[in-house]
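*Asks:* The structure's right below; bear with me while I get my questions together.
The values are calculated or read from the model by the stated rules, or taken from the named source; none is laboratory data. Quantities reported herein were computed from a predicted structural model and do not represent experimental measurements. As a convention, Cβ positions derive from the backbone with ideal geometry for all residues, glycine included, and neighbour counts pool all protein chains shown. Remember, those area values only see protein heavy atoms, side chains included, never the ligands or the DNA or RNA. Shrake-Rupley method; radii C 1.70, N 1.55, O 1.52, S 1.80 Å.
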Amino acid sequence: MGESIFEANLILSLFLFTVGILGVMWKRNAISLFMSVELMLNAANLAFVTFAFQHGIIDGGILVLFIMTVAAAEAGVGLAIFIALFRVRRHLRVDEHDMLHG
Amino acid sequence: MALVIYYVLFGITVLFALGVLFNRNTVRSAICLVGVMAALAVNYLIMRQEFVAFIQIVVYTGAIMVLFLFVIMLLNLREPEVMPWYLRKARFWGGALSLVFFFTLALAVQVWTVSGVTPGAIENEAFIKESGTPEVILLSTLMITKYVAPFILTSILLLVAVIGAIVMAKRYDEDGQEIISEEEVS
Amino acid sequence: MPLLTLIIFLPMIAGAILALTMPTKKMKHAALGVMIVDLLLVLYAAMTFDWSGTFVTEARVFAETIATTFQHREHLPWLPEFGISYTVGADNLSMIFVILTAVLGIIGVLCSWTSIVHREKEFYFFLLALQTGIMGTFLAIDIFLFYMFWELMLIPLYFMIGNWGSKNRIYATMKFVIYTMAGSVVMLVAMIWMYYNNGAYNPQLGVIEYVRSYSYEIMLQTQSGDHGTFQASYFPFLALFIAFAIKVPLFPLHTWLPDAHTEAPTAGSVILAGILLKTGGYAIIRYCIPLFPDASISFAPLITWLSVIAIIYGAMAAIVQTDIKRLVAYSSVSHMGFVTLGIFSFNPAAMSGAILQMINHGISTSGLFLAVGMIYERRHTREFKEFGGLATNLPIFAALTMVMVLSSVGLPGLNGFLGEFNILLGSMQNYPILMQAQDDASWAAAMGMTQYTWLVALGATLGVIFGAVYLLIMYQRVFFGKLDNEKNKGLTDLVPREWGQLAFLAVAALAIGLFPKPIFDAMAPATRTALEPVARVLQMEVKDKGYELAVPGVVIENEEELLALGE
Amino acid sequence: MNPIENIQAYVPTSIHFSDLLQFAILLLGGIACLVFDAVSTKEVSRKYLPMIAAGALVMTMASCFFNILPPPTETFIEGAFRSDEFGQLGALVILFAFLMMTTIMPSLVKKRNLPAAEVYSLTLFAAFGAVLLAIANELLTAFIVLEIMSLSLYVLIGIDRKNAKSTEACFKYFILGAFASAFLVLGIAFLFGATHTTFLTEMAEVFKAGGVVVTEAVVENGVTIEPAVVQALNPMYVFLGFGLLFVGMCFKLTAAPFHMYAPDVYEGGNTPTVMVVATSSKVAAFAFLLHVLEAMSHWPVFTQPVIFVVGFVAIVSMVWGNVAALVQVNFKRMMAYSSIAHTGYMLVGAMVYIALPNMLEGEKLEMAMIAVRQAILLYLAGYTVTSVLSFGTASYIDGEDHMDAYRGLIFRKPAAAIGMAIAMFSLVGIGFTPPTIGFMGKFYLFKEAIQYGFVALAVIAVLASAVSAWYYLSLVVKMFMREVDDTQAVRLAGTRKESVKLFSFDSMTRIILFASSILIFILGVFPTMFISLGESLVYGFTR
């Protein structure tokens, strides 16, 4: 079953990634936006694990662990930034954040 | 049988992902994301990466998503998305481009893997059975030898994240003094 | 003694020191002093200079590797990895222009004496820095160094026009800088390209031997192997030529000039017209023609036509101007058209005419700009309609301006005549050769550019006549007639400092007009070296068709035969 | 031997953390800042923390002058790092901007009432991440140090949380940065899938061999058995991986068309951090991109399409950046677009870098690659010094960012105006401003492009830089040629009047600004000084 899972998982990974991109483009809420980024990171993880599984390289698992850690760190900082943004703006609607333009 | 389970899982993942995208309610969207992550964990299990699957559940579903939900609740962000996405031209074209991107790549992956350039599949399972070493031990061995640099640097990354999160999230009064306890933002 | 280095860098360094130490009121005296010292150094260099051209011949015969034709040569490695060196030297061509620069530098200080009243220190510093840039441009014989100085000229002028210009100065200065820069950056690309493709075909080995160097002397010896192709010859030629043609300025690239000239302060206009435009002509003679003889010949018809258009267009545009300074500016376009016409006639007479024309233009147009500046200082306007009958209360001014106008018109006996006459003569002589040199299938022939060449001469002659028309009309409107404007009645005549400048230029104009031989003698080696490569190519091409052409030095002996070729 | 046994038999060879000792100073400094703040009062820590931070930076910079890192032929810490020009010389360039940042920060901390300890420790952590990114040899390590740098910079951009603009800039920077990271990670995943490794040196071997060698070559009975199975590289994975990674890096490098956040971030962020974002993070990211390109360029299939892609991005960046900058009225926005254009120029160098392995071989190739790396590093150094001068002057004279605030600056603060003018001239670079580092950097870069036949691209680049003269010079026009207009609404720059104590951090700022303006000319006339310094540090003598 290895072969078919491999292909299917790669496609699933790309699909999740595309959904993530779409989310970043479409969503208007900062949190939803960031959730889409998390989805993209998950897609990358899936690709890593799939490759590791396919080629019998255990390294993929390690890489995934590190990426999860990075994602956690990023999420911590990101959510803190959202809180700070919420404090000055009272909302997190992205397309109304337009003080900066030129 | 395994394949059937896998494809059911595949469908669930896709549905949850679409749920993340199309749910106008942030909380529901977050819960769909939890679903995707859980489904991915099962996917990892199918691929015999038990430890990774476990971490996926603990770190992602357990920690990160709870953080998300916590923030959503904290900031009271349950308001729905007001403007329908399809009304915005830019978004439409962005979406179209992304879909083209996806289908091209998916097709390409299909073509390349089917046409025989696929690397020879090695059954991971077999190796693990053969060597008799638990996966966790292999992972931890690698982590403190081959991947020792990222391992050490990750600790610094976490330190930075902690400092950053604290400095962004804590409140100061006018003199720059930290406010320890205070009533919540109305 | 590093004479040329001193000549180049003395103004800028002394200017910087003076600007930091001198009191504001004394700055102009100090700047004048620096300019005079620079002139004295230049004169010393000129006196110890071998004008005869024997240096050239001897160098060609005896030098083993590099046949340098340059005197007072100084050489320092700068970036040896890339074959860039600090090499300066002078030959007859550059020496002539260096003298002109030094003289006009003094006039530049004198004419700003009272007209620059605010931020004097900066002004004189920039004036001196500009002198450095121009001297360096004329004296550098490493093309990378040349580029450096070429660009260095822009900065002081940018500040001079922008800070001390008249009303529309910002627009003018930006246009000037961007225009000039856009041309010269492509020139740099071409120069780097030349560096990597600089080699000569070695028949023994059957390969092109590349010589990686920016040295002009080396490049002159080892021109790129395959001539006449776009890559080897046309691209660098065009890139260099467009950069230079913008400075000259040649017809479609001239639009910066009226604005810059009009808005610049008097000193800026004088230096711009007197020297800066000459750097373009100088660089064409120095770099374009000897380094790319093939491309020069190929593009000669196009450039000739553009020159003729420039001559007529400049004159026509000058006729309709209502601003005196703008009129003089357009007259520059017209006069510099003669220069490119003369250069691309590939004929010793026309070439020396072109060089002389540049000197003449430096004298007469600077004189006219000075005169305009003097009027402007008195009346703060430059419109024709404000003036009339000035000759009655400013007789000295009227007389001296008359000399300048006549010199610019080209009255026989004054300098202007000689230059234009030589160019017309040379270009008429030369056309049969040019046509012969054209491959029949070449694009120039295909576009019909080599036909109707008599039109060239006709057009240029028309330009001379138009020149007389607009300048004399201008003179008549300003100085003759009734003194009817009340504001003009109180005007005072020139003070000695002012008429001294004009008189000096007038004497120079008269001297060149009456005794041209020393100047022609001084120019002869320069024209010879510039035209030698072209002559070689032309000779080869004519030989292919079974005819003999003149020996190197382009002394055309058998004129009838060549004329017959054209038919 | 199967992969599992491989792991069990794995013997670590080079876990010597002492190799990174000089950069660990930054880390210790960062932690020292936190500890010091915890044990002292606010005033004391505000006074001494900048000194600790600057001290750590200066010590690291000083150690960069010694040949501490292993030579480029060796990797260290289990292959996670490899040093070349970007190791010590690049670290100098990176830390220079950070040093400038620590000297400007105190006045900002005081004025905006910022948390001092966090500011300085995050500055040092960001510097740590940047210098390590410049020498990273393993994609995951690179990703993690990139995140260390980025997370610190996200926070530093928005450290002034009471300021809505600043927080908004921080938010935009963060979201787009995270978005880019995701691209980067997926790119790494696909490269890993194609080559089975994340170590760039091993990856280079895979690309040279044209595939993954599954079995080792063995000698049996005197007969060498060639490596039996070579898993052919799957071009799809390589291109997909590289494409995604390149997109991610383009975000970090602010290359068009992935630059959209840059103007907002530059405008909203505080000036010292923006300065670092524009310079140091770019140096580090460029180093990483070049290392990836170097590993991949050994694969002949790779060259042509990637030259096309990189060239396209370079052209778009140059044209878009310069044209968009023309209409800006805000100084920092203008600098943002100009920074996009500068990335474009440097990508021209990167493009030449990829093309090289197909043109040359052997020692010549080595020399040529070193030359291109040096050219890019020289350009980056020039851009850093110049940006430090311009942003530093801007924050020193302290006015609004609107360009009109600079009107008639020469009459108020002549030295600052001259410094800014020098910076602008140097940024114009090619043409008009010969003896500056901006000119020499572009000369070195375009020289390489022309040498290897990219003449048309060089022409586009120089014409784009001629366009750039318009907006740089219009700032000079504002400073030098316009009188101050009383009716304007902006708060003029350079009107702040305060006495500056000698050896305070303000005077330190002035010293660095003066040093940068001198450096612009020194490096402009003698760029070989910089190049040969790098050569003696990297290739001169081995340990």
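*Asks:* Name the pairs: first residue in the range C:195-207 and farther than 27 Å from D:Phe446 by Cβ, second residue modelled with pLDDT under 75, Cβ to Cβ under 7 Å, at least 6 apart or on different chains?
*Replies:* Sorted first by the residue in the range C:195-207, then by its partner, the pairs are C:Tyr201/C:Ile208; C:Tyr201/C:Gly225; C:Asn202/C:Glu209.
*Asks:* Further question: Under the condition of being free of Cβ contacts under 8 Å to residues at least 40 places away in the same chain and in a helix (DSSP H, G or I), which residue from the range D:452-486 is farthest from the other protein chains (Cβ to nearest Cβ)? I'd like the intermediate steps shown before the answer.
*Replies:* We begin by selecting, within the range D:452-486, every residue free of Cβ contacts under 8 Å to residues at least 40 places away in the same chain; these are D:453, D:455-456, D:459, D:462-463, D:466, D:477, D:481, D:486.
With in a helix (DSSP H, G or I) added as a condition, the list becomes D:455-456, D:459, D:462-463, D:466, D:477, D:481.
Working: D:Val455: 6, D:Ala456: 10, D:Val459: 5, D:Val462: 4, D:Leu463: 7, D:Ala466: 4, D:Val477: 6, D:Met481: 4 Å.
My answer is D:Ala456.
*Asks:* Something else: Hey, can you tell me all the residues within the range B:25-51 that are open to solvent by 70 Å² or more (accessible area, probe 1.4 Å) and at the interface with chain A (Cβ under 9 Å from one of its Cβ atoms)? Spell out how you get there, then give the answer.
*Replies:* Initially, the range B:25-51 is screened for residues open to solvent by 70 Å² or more (accessible area, probe 1.4 Å), giving B:28, B:31, B:45, B:48, B:50.
Residue satisfying the conditions is B:Arg48 alone.
This table checks each residue for (1) in a helix (DSSP H, G or I); (2) within 22 Å of D:Gly438 (Cβ to Cβ).
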position: D:Ile307; (1), (2): yes, no
position: D:Gln328; (1), (2): no, yes
position: D:Met334; (1), (2): yes, yes
position: D:Ala350; (1), (2): yes, yes
position: D:Ala381; (1), (2): yes, yes
position: D:Ser387; (1), (2): yes, yes
position: D:Phe391; (1), (2): yes, yes
position: D:Ala394; (1), (2): yes, yes
position: D:Ala416; (1), (2): yes, yes
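*Asks:* I would also like to ask the following. Scan D:Val309, D:Val274, D:Val283 and give me the residue that is at pLDDT 90 or above, within 14 Å of chain A (Cβ to nearest Cβ) and either open to solvent by 10 Å² or more (accessible area, probe 1.4 Å) or within 23 Å of D:Ala127 (Cα to Cα) (or both). Explain how you work it out, then say what you get.
*Replies:* On the way: D:Val309 fails: within 14 Å of chain A (Cβ to nearest Cβ); D:Val283 fails: within 14 Å of chain A (Cβ to nearest Cβ).
Testing whether each residue is at pLDDT 90 or above, within 14 Å of chain A (Cβ to nearest Cβ) and either open to solvent by 10 Å² or more (accessible area, probe 1.4 Å) or within 23 Å of D:Ala127 (Cα to Cα) (or both) leaves just D:Val274.
Let's see how each residue does on (1) closer than 30 Å to C:Thr87 by Cβ; (2) surrounded by fewer than 24 Cβ atoms within 10 Å (Cβ to Cβ):
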{"position": "C:Ile106", "(1), (2)": "yes, yes"}
{"position": "C:Leu110", "(1), (2)": "no, yes"}
{"position": "C:Glu122", "(1), (2)": "no, yes"}
{"position": "C:Phe125", "(1), (2)": "yes, no"}
{"position": "C:Met135", "(1), (2)": "yes, no"}
{"position": "C:Ile141", "(1), (2)": "yes, no"}
{"position": "C:Leu145", "(1), (2)": "yes, yes"}
{"position": "C:Ile155", "(1), (2)": "yes, yes"}
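*Asks:* Only residues that are of a type in the set (D, E, K, R) and without any contact (Cβ under 8 Å) to a residue 60 or more places away in the chain: list them for the range B:10-50, please. Steps first, please.
*Replies:* We begin by selecting, within the range B:10-50, every residue of a type in the set (D, E, K, R); these are B:24, B:28, B:48, B:50.
B:Arg24, B:Arg28, listed by residue number.
*Asks:* Looking at the range C:287-310, which of the residues that are of a type in the set (Ser, Thr, Tyr) and more than 24 Å from C:Tyr147 (Cα to Cα) is farthest from the chain's Cα centre (by Cα)? I'd like the intermediate steps shown before the answer.
*Replies:* Applying the first criterion (of a type in the set (Ser, Thr, Tyr)) to the range C:287-310 yields C:287, C:296, C:298, C:304, C:307.
Filter again for more than 24 Å from C:Tyr147 (Cα to Cα), leaving C:298, C:304, C:307.
Working: C:Ser298: 22, C:Thr304: 17, C:Ser307: 14 Å.
If we take residues in the range C:287-310 being of a type in the set (Ser, Thr, Tyr) and more than 24 Å from C:Tyr147 (Cα to Cα), then C:Ser298 is farthest from the chain's Cα centre (by Cα).
*Asks:* Another question, then. Quickly run through the range D:13-40 and pick out the residues that are under 19 Å from B:Tyr147 (Cβ atoms) and exposed (fewer than 13 other Cβ atoms within 10 Å of the Cβ).
*Replies:* Passing the criteria: D:Thr13, D:His16, D:Phe17.
*Asks:* Then there's this: Which residues, counting only those in the range A:50-89, are facing chain D (nearest Cβ under 7 Å) and out of contact with any Ser or Thr (no Cβ under 9 Å at 6 or more places or on another chain)?
*Replies:* The answer is A:Phe51, A:His55, A:Gly56, A:Ile58, A:Ile67, A:Val77, A:Gly78.
*Asks:* Out of D:Met318, D:Met367, I need the residue that is within 14 Å of another protein chain (Cβ to nearest Cβ), of a type outside the set (Val, Ile, Thr), under 30 Å from D:Phe526 (Cβ atoms) and out of contact with any helix residue (DSSP H, G or I) (no Cβ under 7 Å at 6 or more places or on another chain). Which one? Full working, then the answer.
*Replies:* On the way: D:Met318 fails: out of contact with any helix residue (DSSP H, G or I) (no Cβ under 7 Å at 6 or more places or on another chain).
Criteria check complete, one pass: D:Met367.
*Asks:* With the condition kept exactly as written, say whether any residue in the range D:139-161 is out of contact with any strand residue (DSSP E or B) (no Cβ under 6 Å at 6 or more places or on another chain), open to solvent by 10 Å² or more (accessible area, probe 1.4 Å) and at the interface with another protein chain (Cβ under 7 Å from one of its Cβ atoms).
*Replies:* Checked against the condition, which is being out of contact with any strand residue (DSSP E or B) (no Cβ under 6 Å at 6 or more places or on another chain), open to solvent by 10 Å² or more (accessible area, probe 1.4 Å) and at the interface with another protein chain (Cβ under 7 Å from one of its Cβ atoms), the range D:139-161 yields at least one hit.
*Asks:* Quick one: in the range D:163-187, which of the residues that are at the interface with chain A (Cβ under 7 Å from one of its Cβ atoms) and open to solvent by 10 Å² or more (accessible area, probe 1.4 Å) is modelled with the highest pLDDT?
*Replies:* D:Phe179
*Asks:* So in the range D:188-198, with the set limited to residues that are modelled with pLDDT of 90 or more and more than 7 Å from chain A (Cβ to nearest Cβ), which one is nearest to A:Leu39 (Cα to Cα)?
*Replies:* The extreme case among them is D:Ile188.
*Asks:* Can you name every one of the helices (runs of 4 or more DSSP H) wholly within the range C:88-166 that holds 3 or more residues which are modelled with pLDDT under 90, over 21 Å from the mean Cα position of the chain (by Cα) and farther than 25 Å from C:Val507 by Cβ?
*Replies:* On the way: elements: C:92-111, C:120-139, C:143-152, C:154-164.
Ranges flagged: C:120-139, C:154-164.
*Asks:* Name, by its number, the condition in (1) surrounded by fewer than 24 Cβ atoms within 10 Å (Cβ to Cβ); (2) at the interface with chain D (Cβ under 7 Å from one of its Cβ atoms); (3) small (Gly, Ala, Ser) that does not hold for A:Ala47.
*Replies:* All conditions pass for A:Ala47, except number (1).
Yes/no per residue for (1) within 11 Å of chain D (Cβ to nearest Cβ); (2) modelled with pLDDT under 60; (3) open to solvent by 70 Å² or more (accessible area, probe 1.4 Å); (4) in a helix (DSSP H, G or I):
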{"residue": "B:Gly62", "(1), (2), (3), (4)": "no, no, no, yes"}
{"residue": "B:Ile72", "(1), (2), (3), (4)": "no, no, no, yes"}
{"residue": "B:Val82", "(1), (2), (3), (4)": "no, yes, yes, no"}
{"residue": "B:Thr113", "(1), (2), (3), (4)": "yes, yes, no, yes"}
{"residue": "B:Ile156", "(1), (2), (3), (4)": "yes, no, no, yes"}
{"residue": "B:Ala161", "(1), (2), (3), (4)": "yes, no, no, yes"}
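*Asks:* Which of the residues spanning the range C:238-279 are among the charged types (D, E, K, R) and under 17 Å from the mean Cα position of the chain (by Cα)?
*Replies:* Of the range C:238-279, the ones among the charged types (D, E, K, R) are C:247, C:259, C:263, C:278.
Residues satisfying the conditions are C:Lys247, C:Lys278.
*Asks:* Output the number of the condition that D:Val93 fails; it satisfies all remaining conditions of (1) within 10 Å of another protein chain (Cβ to nearest Cβ); (2) aliphatic (A, V, I, L, M); (3) assigned to a helix (DSSP H, G or I).
*Replies:* With respect to (1) within 10 Å of another protein chain (Cβ to nearest Cβ); (2) aliphatic (A, V, I, L, M); (3) assigned to a helix (DSSP H, G or I), D:Val93 is out only on (1).
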